[in-house]
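Input: a single structure, listed below in structure tokens.
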Amino acid sequence: MISDFRLDVLILRVAAVLLALAIHEYAHAAAAVRLGDPGPKFDGRLTLNPLAHLDPVGTLMLFFFSFGWAKPVMVNPARFKNPRRDMMWVALAGPLSNIALAFALARLAPFILNIVPPGALRATWMFLQVSVQLNIWLAVFNMLPLPPLDGSKVLMGILPRRYAYRYARLESYGTVILLLLVVSGMLFRVLQPAYSAVARLVVG
């Protein structure tokens with residue numbers, strides 16, 4: 001959560017949130033187009049412009065709690081050669097893109113900090129730190145196997161069809177359950193071990 005409401009910290013956090021969401025949703029759109037569904041391209045989602053991907057509630061949640069979501073990329077599974085398998089890959093693309101970005105920023109941080117002007121050193125370090133943490137949280141959160149998050153789509157691609165259909169019915173309750181978990185503080189406790197494990201792999 002945000003514990004420091006200084007303007008510079010808020011600006012850096014906004015930039016980190018926009019970058020994380022843009023990468024995440026672009027990856028979904030790019031995977032869908034690559035696998036045969038041109039819909040996201042026609043919908044204007046095949047872009048790194050964060051404004052094309054923002055969901056007001058999900059963005060605020062991510063900003064204040066490090067857990068959130070963007071506007072879902074609409075995908076037509078009928079366009080895929082193997083709908084169940086390909087939907088799973090489209091779902092995985094978002095979290096994997098955030099892990100990849102966090103890994104890249106963590107590895108590039110020493111080089112970036114060596115070339116920025118001294119006056120921008122603190123702000124750059126803060127942005128890199130917040131971005132790495134936020135991208136890991138976003139990836140771990142989205143891999144929760146709770147509809148409509150990406151993890152649920154991955155699980156539905158693995159489950160036998162009859163169980164997958166039953167599981168999909170939870171989607172109408174998923175957002176309410178997620179909000180309750182966030183507000184109660186349970187979500188942080190559930191995800192903290194997974195976050196720590198991924199952070200160790202990413203940061204080293």
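Observations on the structure shown:
- Rg ratio for region 7-203: its Cα radius of gyration over 2.2 N^0.38 Å, N being its residue count, equals 1.05.
- Under 20 Å from the Cα of Lys153 - lysines, other chains or at least 8 residues apart: Lys71, Lys81
- A simple spin-label model places the labels of Ala123 and Arg85 4.9 nm from each other, with each point 7 Å out along Cα-to-Cβ.
- Size descriptors for region 123-164, from the alpha-carbon set: Rg then Dmax equal 15.2, 51 Å.
- Fraction of the pair-distance distribution of region 123-204 above 21 Å, Cα-Cα pairs, percent: 40 percent
- Convex hull (Cα only) mean projected area of region 11-109, reported in nm² to one decimal: 6.6 nm²
- Across region 85-137, Cα-Cα pairs farther apart than 15 Å form 53% of the total.
- Across region 69-172, the volume of the C-alpha convex hull divided among the residues equals 119 Å³ per residue.
- Cut-off 13 Å between beta-carbons: net charge of the residues surrounding Asn98, Lys and Arg +1, Asp and Glu -1: -2
- Neighbour counting of Cβ atoms within 10 Å sorts the residues Lys153, Lys71, Lys81, fewest neighbours leading, into Lys81, Lys71, Lys153.
- Given their separation in residues at 0.36 nm each and the Cα-Cα distance between them, Arg200 and Ser172 gain 6.6 nm when the chain is fully extended.
- Here the contact order of the chain, divided by its residue count and restricted to Cα pairs under 8 Å and six or more residues apart, works out to 22 percent.
The numbers here are math on the coordinates, done by the rules we state, and not lab data. Owing to the predicted nature of the structure, the values given are computational and were not obtained by experimental measurement. Here Cβ is always computed from backbone atoms with ideal geometry, including for glycine, and neighbour counts include all displayed protein chains.
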